């Protein structure tokens, strides 16, 4: 229980920071509670924004995926994210900040409603964004349960660990709002960035050096493919470059963009964001791969044996037998098992707190959905005008409680791994919604009907994939004229050899374009508010002609 006690002490520090350390002496209004008064400084903004993007998916999910797939995991997610996420923050995040400052927006849906003059379409966009964000929140609860269970050697059960994390996050979000959440994220980001280097050095030393471990992996026919890209087809690899488009479309990231004090703060974020990704993703991926050499840990050896059995006998296994093997293979806890093997008890507790720091980044998603509910539903349909701003804030707090309980309930029954759950639903859905931002901010001819068509398609595609995966057993392939169209794999769905996110995003953009062209454009006043330079330029040319 000693490592678990370190983690519980860390949770106590987090509660103090989130609730008391930076709380304002006077009751907070809606803008102060949900956006920290748009006053976050450069370092808190950078670290909290990065921390909001790095959840249990980063440490537990990436290492578990690398355990079975190898170093290609870094190429799949981290390399493209290090380029695309800072680029979208610079191109889109700065414009969201400027429009929020000018028009007082607090959520992306408020901007969509004002830009396209769409009332109920905005409500539909909110509903879809909320549904897509729930899996990402569930990931945090799953990661918390797995971390405490592994750190305590099973003394703290999965359900209890998930409950402790859920209650901790709910409490400081409930009382601290965006200001408390941002400072907690800053503290947690520093902690889990430090974890990567410390764990890599410690575990590497315990294994006799990473160079030797990699060499032994390379010499084995079973593990040599883990050091190459051969397990991932090129088209499948290409599909992952679409995933980072989801970052700026996540409502909690867009809302975080509104909290900066000055636009110049985005410059530091764009510069340092790739370095932060390198600092956390590279150690986690290497640790996941290196765990394949640690066969003297029973739980790791059992995962390796289950994988070998699935590879050798997969074609003859029943769906139930295959599912049992895959449950044994679940590797989200390999980093925690490595700590238990190579770290002293007290140091395992400190590093476990670093892992928990990444796991608990679901706080910003919970607060974002609370913000959206109170602004895009409660306030939009007259609740704020009727009951006042204090009731609006308290309604947001009540929504935090309800959402946390929902996420905890789903986490207890979810059979998916952290990596697959995030990629198949949260990332894919939001990447497919990213054309809405590009259309609203940079194409004056885009219309509400184009936005509605795009959103409707994304909703139908996500539901269709979920139904397909629930009703179709793995290894099922649908072909047309001998061409493989859709394949149901054990970890998800493949469309024409690509991740579903690729056709989802391309069709979403095409629908926005085509439907906007054939529907009535926005009125001139709206266009002038959002594109004053282009409107004045068009007017000048008309006068010259």
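Tell me the mean residue ellipticity at 222 nm calculated for the chain from its helices only (DSSP H runs of n ≥ 4, each -39500 (n - 2.57), averaged over every residue, nearest 500).
-22000 deg cm²/dmol
Exposure proxy check: 442, 242 ranked by fewest other beta carbons within 10 Å?
Values: 442 13, 242 24.
With the sparsest Cβ surroundings first, the list reads 442, 242.
Sorting 519, 295, 404 on the 10 Å Cβ count, fewest up front, what's the list?
Working: 519 15, 295 11, 404 25.
Ascending number of Cβ neighbours within 10 Å: 295, 519, 404.
Most exposed first by the Cβ proxy, i.e. fewest other Cβ within 10 Å, how do 400, 517, 527 rank?
On the way: 400 23, 517 12, 527 17.
Result, fewest neighbours first: 517, 527, 400.
Tell me the angle of helix 345-359 to the major Cα principal axis of the chain, expressed in degrees between 0 and 90 and rounded to the nearest ten.
Helix 345-359 sits at roughly 30 degrees to that axis.
Would you work out the relative contact order for the chain, in percent, from Cα pairs under 8 angstrom that are 6 or more residues apart?
Relative CO of the chain lands at 28 percent.
Evaluate Rg over Rh across the stretch 105-171, taking Cα atoms for both radii and Kirkwood's formula for Rh.
Answer for the stretch 105-171: 1.27.
Read the figures in this text as sums done on the coordinates, not as results from a lab. What you see is a predicted model, and the numbers here were worked out from it, not measured in a lab. Ideal geometry is used to build each Cβ from the backbone, glycine not excepted, and the neighbour counts take in all protein chains shown.
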